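Novice: Below you'll find the structure I mean.
The values are calculated or read from the model by the stated rules, or taken from the named source; none is laboratory data. The model shown is predicted, which means the values in this text are computed figures rather than measured ones. Calculation scope for accessible area: heavy atoms of the full protein, side chains included, ligands and nucleic acids excluded. Shrake-Rupley method; radii C 1.70, N 1.55, O 1.52, S 1.80 Å.
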Amino acid sequence: MPSDLSPIDKAKFVAAKKAVEFVEDGMRVGLGTGSTAAWMVRCLGELVREEGLKIRGVPTSTRTAQLARDVGIEVISLDAAKWLDLTIDGADEFDADLNLIKGGGGALLQEKIVATASDQMIVISDVSKEVETLGAFPLPVEVIPFGWQTTQALIEETLVSMDVMGRSASLRMNGDSPFVTDEGNHILDLHLKRIGDSRQMAMILNQMPGVVENGLFIDICDRVVIGYGDGKVEVRDINAGTIEENMVDFVENDNLFTDLTD
Ligand code: 5RP
């Protein structure tokens, strides 16, 4: 294992390395966004280049699309793919039912569309993302720019009657300007601390005019692959109810470990 990687990066890498074992020849694969997903795209690229794996990838952001092309993965649109065999993505939090908070990287809308259009979704993560109850990570909500402050006020007002421990929302910034998603929208981060009923929260948020999508992924993820800094990986399958543990063994490979940015 490369010695200059932090334990968290090693954990993300081994989770990604294990998850790509689920990718088979001919699959249409949803490619997630974020630092963990970037490892997965690199690992898949290596399989394409070195082992002739034939896949088509549907990226969930412009930055993932760029990385996928750079590492040699054929990139197609979701409309061209129509349906996907598998999506592999990171998460900001996951609970015991494999419900998720996503959107820390601002790509939740495309990520949710792509994951929902897939036979299976695998989340790759280090163990720090596992929580008993979702909500410590601020919940990202994608809103249209028109009237975003009114949408924020409506959300905060609605939160008053909900089972949460915090009720403020903040506009995500990119330096001095509001963050803009790939779809041209803004993100409100909801500081809820604890979401008592995440299913209800997801439904109520999506009923509000101005809200495009929220970062709660309920009943979408099928498996989580949890990586550890020592190379251990744990694969939990929510449908089969199984938990498997393995060690990921790998040799340092310059193509994988240089210039990785996300
Ligand atoms: C991007 C996401 C990411 O999957 C999530 O933020 C996790 O990112 P990272 O792997 O960098 O911790 O939802 O919108």
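Novice: Please give the per residue accessible area of the range 1-106, computed with a probe of 1.4 Å over protein heavy atoms only, in Å². Walk me through the numbers before you get to the answer.
Specialist: Values: 4030 Å² over 106 residues.
Spelled out: the 1.4 Å probe surface of the range 1-106, per residue, equals 38 Å².
Novice: Which far-off residues, 5 or more places away or on another chain, put their amide H under 5 Å from the one on Gly90, with H placed in the peptide plane?
Specialist: Here Thr33, Ala37, Ile124 satisfy the definition.
Novice: Compute the helix-to-body angle for 35-51: its Cα long axis versus the longest principal axis of the chain, expressed 0 to 90° and rounded to tens.
Specialist: Rounded to the nearest ten degrees, it is 30.
Novice: Considering every pair of different Cα atoms, what Kirkwood radius, in Å, is found for the range 139-214?
Specialist: Final number for the Kirkwood radius of the range 139-214 is 12.4 Å.
Novice: Further question: Under a 10 Å cutoff between Cα atoms, tell me which one of Ala37, Ala96, Ala169 has the largest fluctuation in the Gaussian network model of the chain.
Specialist: Ala96
Novice: What do you reckon, how do Phe146, Phe94 stack up by accessible area (1.4 Å probe), largest on top?
Specialist: Phe146, Phe94
Novice: Can you give me the accessible area per residue for the range 139-214, using a 1.4 Å probe, in Å²?
Specialist: Working: 3900 Å² over 76 residues.
Using a 1.4 Å probe on heavy atoms only, each residue of the range 139-214 averages 51 Å².
Novice: Shape verdict for the range 1-154, please, from the Cα gyration tensor: rounded (a/c under 1.5), prolate (a/b greater than b/c) or oblate.
Specialist: Oblate shape, in that a/c is at least 1.5 and b/c is the bigger or equal ratio.
Novice: Taking only Cα atoms and a 10 Å spring cutoff, compute GNM fluctuations for the chain and point out the largest among Asp89, Asp79, Asp163.
Specialist: Largest GNM mean-square fluctuation: Asp79.
Novice: Something else: If you average the sequence gap of Cα pairs under 8 Å that are 6 or more apart and divide by the length of the chain, what percent do you get for the contact order?
Specialist: It rounds to 23 percent for the chain.
Novice: Hey, another quick one. Taking the convex hull of the Cα atoms, report for the chain its projected area averaged over all directions, in nm².
Specialist: Over all viewing directions, the chain projects a mean Cα-hull area of 13.8 nm².
Novice: How far is helix 148-159 tilted off the main Cα axis of the chain, in degrees rounded to 10, range 0 to 90?
Specialist: 80 degrees
Novice: Taking every eigenvalue of the Cα gyration tensor of the range 1-68, multiplying by 5 and rooting it, what semi-axes result, largest first, whole Å? Intermediate values should be presented prior to the final figure.
Specialist: Details: eigenvalues 82, 42, 19 Å².
Value: 20, 14, 10 Å, ordered largest first.
Novice: Oh, and also: Report the Cα centroid-to-centroid distance between the range 189-239 and the range 71-100 in angstrom, as an integer.
Specialist: Cα centroid of the range 189-239 versus Cα centroid of the range 71-100: 14 Å apart.
Novice: I'd like the accessible area for Arg236, computed on protein heavy atoms only with a 1.4 Å probe and all protein chains in place. Round to 10 Å², please.
Specialist: Counting only protein heavy atoms, the figure is 40 Å².
Novice: Still on this structure, I have one more. Which percent of the accessible area of the chain is formed by carbon and sulfur heavy atoms (probe 1.4 angstrom)?
Specialist: Looking at the chain in its full context, I get 48 percent from C and S.
Novice: Based on the Kirkwood radius over alpha-carbon pairs, what is the Stokes-Einstein translational diffusion coefficient of the range 66-202 at 10 °C with 1.306 mPa s viscosity, in µm²/s?
Specialist: Estimated via Stokes-Einstein, D reaches 97 µm²/s.
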